[in-house]
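This report concerns only the one structure given below.
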Amino acid sequence: MTFDPRKYREEKEKEISQTYGNMRKRSFKFLFLNIFIVLMVFVFLFFVRNISPRLYSNIADSLQLTIELNKLEYSAPEKVGARVYVVNTKRTDKNFVVSEFYFQLSNDKRTIYDFNYQSAVEGVAPALGKRLLFNLEDQVSVSNLENGTYYVYARCKINGKPVEIKRSFNYTEEIFYGILTQQFYLVGEEIQPSLIIVNRTAKTQELKLERIVWTYKDDKMTQNLSEMVRIHPGQFATFQFERRFKVLDLGNAELSAQVYFDDGSIKEVKILVPTVKDYERNPKDLDFSIETLESVVINKSADIQVFLINKINRERFIKYDSVQFSIPEIGYNFELRNRRLYAFPFGKTLIGKLERLSFTKPGVYNLIITFKAENAKLEKKIAVAVGK
């Protein structure tokens, strides 16, 4: 076979062209990817700086200021809680001196509360930890605010360098209307509903109810009242219907209450009432958890709610004989009896709130929950941390 230089050159040029062409395509793809990543970084930084809540101040000698709020959404007459901490970003303990400390709670109209402490205070922040600097609840009780957005602001000098931080929360007022029933019923049982009115405003409310029109499926009945009620902030009033609705069919059915007032206004509230063949006789795959609206501290009523957790992917209808709550270290015992619970798939359901519970000494206590149903008994121990 004779060697053809021209053909060889053409093949090599074609091969080189294909090779560099592919390289250019990969280069363009890589360049586009880099540009996309850079854009995403800028978008993220813009979001963090301009949209997301600023949780920490600027850094001064590896230390930052932060404000922790009990909640971001309050309803009257809840008490506002805010704590200011010095946060250590280093892996070793850090000494600090705080001076010219200032704290303010305000809205767009006025200052609700402010606090000044000009003297210098020395302290040590643990490695990657925090040190409490100011607790609003230790100074003053703030509650029953008007509707609106409020701002918590703190500034000081840490080791001579100025830092500041600002957070916001919403405070709302409302008069809540609801219907109280069992969480589910069996065919053949009867529903005796109650209307509940909760005053979630900063002022005492006087309401004159003329009547309530109850409707369950196609059955409508009227409850005549002509009653004046006075409900203080955070309190509630209930009105139980003296008659009952017969449950005849399986499934969810709508129950409504139309509330008529003497001024001609009408409030309406609706719920769905489930009816099932039976409840679980031997409930399993359940767990328990607790939640607190604010930190548990000594010499103050502990606000602890207990929840039932459904660990499987189906709705549950559970009737329990009793749920006992005990803390042996302080001799605390509390019990709820003969109630029904509806549990969402993989959801949690409120069992109740622990009543008349307080601690006199800080530490970690064991809350023992004992759940008894018809053919089941479950027990769990949960640690409760109590501060000063």
So which of Leu293, Leu286 is surrounded by 15 or more Cβ atoms within 10 Å (Cβ to Cβ), within 26 Å of the chain's Cα centre (by Cα) and within 30 Å of Glu379 (Cα to Cα)? Leu286
Out of the residues in the range 273-294 that are outside any loop (DSSP other than H, G, I, E, B) and among the hydroxyl-bearing types (Ser, Thr, Tyr), state the one that is farthest from Gly188 (Cα to Cα). Thr292
How many residues are assigned to a loop (DSSP other than H, G, I, E, B) and either touching a Phe, Trp or Tyr at 6+ places or on another chain (Cβ under 8 Å) or among the small types (Gly, Ala, Ser) (or both) when one looks only at the range 119-141? 6
Just one of (1) within 30 Å of Gly148 (Cβ to Cβ); (2) surrounded by 14 or more Cβ atoms within 10 Å (Cβ to Cβ) trips up Ile266, so point out which. (2)
Here are the criteria: (1) surrounded by 15 or more Cβ atoms within 10 Å (Cβ to Cβ); (2) over 20 Å from the mean Cα position of the chain (by Cα); (3) not assigned by TED's automatic domain parsing to the domain that holds Ser256. Tell me which single one Trp214 does not satisfy. (3)
Just checking, how many residues over the range 309-329 are of a type in the set (D, E, K, R) and either part of a strand (DSSP E or B) or farther than 28 Å from Leu186 by Cβ (or both)? 4
Of all residues being of a type in the set (Val, Ile, Thr) and outside any strand (DSSP E or B) in the range 177-211, which is nearest to the chain's Cα centre (by Cα)? Just the residue, please. Thr201
Across (1) under 30 Å from Glu146 (Cβ atoms); (2) of a type in the set (D, E, K, R); (3) at pLDDT below 95, Asp218 clears everything bar (1)
Among the numbered criteria (1) under 14 Å from Glu164 (Cα atoms); (2) out of contact with any Ser or Thr (no Cβ under 7 Å at 6 or more places or on another chain), which one does Gln104 miss? (2)
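For every residue, the table says whether it meets (1) at pLDDT 95 or above; (2) assigned by TED's automatic domain parsing to the domain that holds Asp219; (3) of a type in the set (Val, Ile, Thr).
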residue	(1), (2), (3)
Glu137	no, no, no
Asn159	no, no, no
Ile191	yes, yes, yes
Leu195	yes, yes, no
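Just for the range 70-88: of the residues that are under 18 Å from the mean Cα position of the chain (by Cα) and among the hydrophobic types (A, V, I, L, M, F, W, C), which one is nearest to Ser168 (Cα to Cα)?
Checking each candidate, the answer is Leu72.
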Hey, among the residues in the range 358-387 that are surrounded by 13 or more Cβ atoms within 10 Å (Cβ to Cβ) and among the small types (Gly, Ala, Ser), which one's farthest from Lys300 (Cα to Cα)? Ala376
Can you pull out every residue in the range 330-368 that is assigned to a strand (DSSP E or B) and over 25 Å from Asp278 (Cα atoms)? Tyr332, Asn333, Phe334, Lys353, Gly363, Val364, Tyr365, Asn366, Leu367, Ile368
Checking Thr238 against (1) assigned to a strand (DSSP E or B); (2) among the polar types (S, T, N, Q); (3) touching a residue at least 60 places away in the same chain (Cβ under 8 Å), which test does it fail? (3)
Is one or more of the residues making up the range 112-131 polar (S, T, N, Q) and surrounded by 12 or more Cβ atoms within 10 Å (Cβ to Cβ)? no
If we keep only residues of the range 310-357 that are surrounded by fewer than 13 Cβ atoms within 10 Å (Cβ to Cβ) and among the polar types (S, T, N, Q), then the residue nearest to Ile368 (Cα to Cα) is Asn333
Test: residue in the range 75-95 that is modelled with pLDDT under 90 and either not assigned by TED's automatic domain parsing to the domain that holds Glu164 or not in a loop (DSSP other than H, G, I, E, B) (or both): yes
Looking only at the range 105-114, decide whether some residue is of a type in the set (A, V, I, L, M, F, W, C), within 14 Å of Val152 (Cα to Cα) and in the same structural domain as Ile158 (by TED's automatic domain parsing). yes
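The values are calculated or read from the model by the stated rules, or taken from the named source; none is laboratory data. Worth saying up front: this structure is predicted, and the values here are computed from it rather than measured. Glycine gets a Cβ as well: all are built from the backbone with ideal geometry, and neighbour counts include every protein chain shown.
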